[in-house]
Amino acid sequence: MTRIEQNRVAIRQFLEDVWSKGNVEIAERIIDPNFQFILAFAHLDGRAAFMGLVERNRSIFENLTYSVESEDDIVADDTKGAAFWAMKSKHIGTWRNVPASYKDVAINGMTLFRFNEEGKIYEAKVQNDVMSLMNQIGGIKKLYDF
């Protein structure tokens with residue numbers, strides 16, 4: 001398997017096995033210990049901090065599932081990659097100061113990845129529709145009713 005193919009597999013595992021299933025063994029295999037996870041509203045340093053986030057989110061969002069619809073939604077080269085993904089879940093716990101809504105939620109996003117020399121993911125920058133998610137769980141008050 002080429003390095004590019006390995007990176008594409010690691011990206012899929014990151015979304016489907018680590019995020020969706022909380023698989024720590026796969027996380028240890030594909031994510032660098034000094035991993036950087038970057039969101040618009042948060043920056044986590046280290047694989048352990050990231051796995052803590054995964055665990056918390058999986059307890060707040062029931063059946064948290066990240067999926068890639070098509071092989072064309074993952075691109076990679078020898079040192080970086082990107083994936084378009086869809087997330088769906090049910091909001092069952094407090095998230096960003098919003099109490100459980102018990103609503104089904106879904107958003108789309110994209111993650112940009114960087115790989116180290118050993119082929120482990122050392123950085124993930126996430127772009128997602130957090131405003132839509134906040135709206136779905138009642139975290140944004142409607143200012144106007146049209």
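General observations
- Between segment 15-47 and segment 76-138, the C-alpha centres lie 11 angstrom from each other.
- Distance between the modelled labels on residue 73 and residue 6, one decimal in nanometres: 2.6 nm (7 Å Cα→Cβ projection).
- With Cα atoms, 0 to 90° folded angle of helix 3-13 axis to the chain main axis: 30 degrees
- Calculated FRET value between residue 94 and residue 131, using beta carbons and R₀ = 22 Å, to 0.05: 0.75
- Angle of helix 47-60 to the longest C-alpha principal axis of the chain, folded into 0 to 90 degrees and rounded to 10: 30°.
- Extension gain for residue 102 to residue 82 (0.36 nm times residue separation, less C-alpha to C-alpha distance): 4.1 nm.
- What the chain shows is 59 Å² of accessible area per residue, with the surface traced by a 1.4 Å probe over protein heavy atoms.
The values are calculated or read from the model by the stated rules, or taken from the named source; none is laboratory data. Just so you know, these numbers come straight off a predicted model, no measurement behind them. Because the Cβ atoms are built from the backbone with ideal geometry, glycine has one as well, and the counts that use them run over all protein chains shown. With ligands, DNA and RNA removed, areas are computed over all heavy atoms of the protein, side chains included. Shrake-Rupley method; radii C 1.70, N 1.55, O 1.52, S 1.80 Å.
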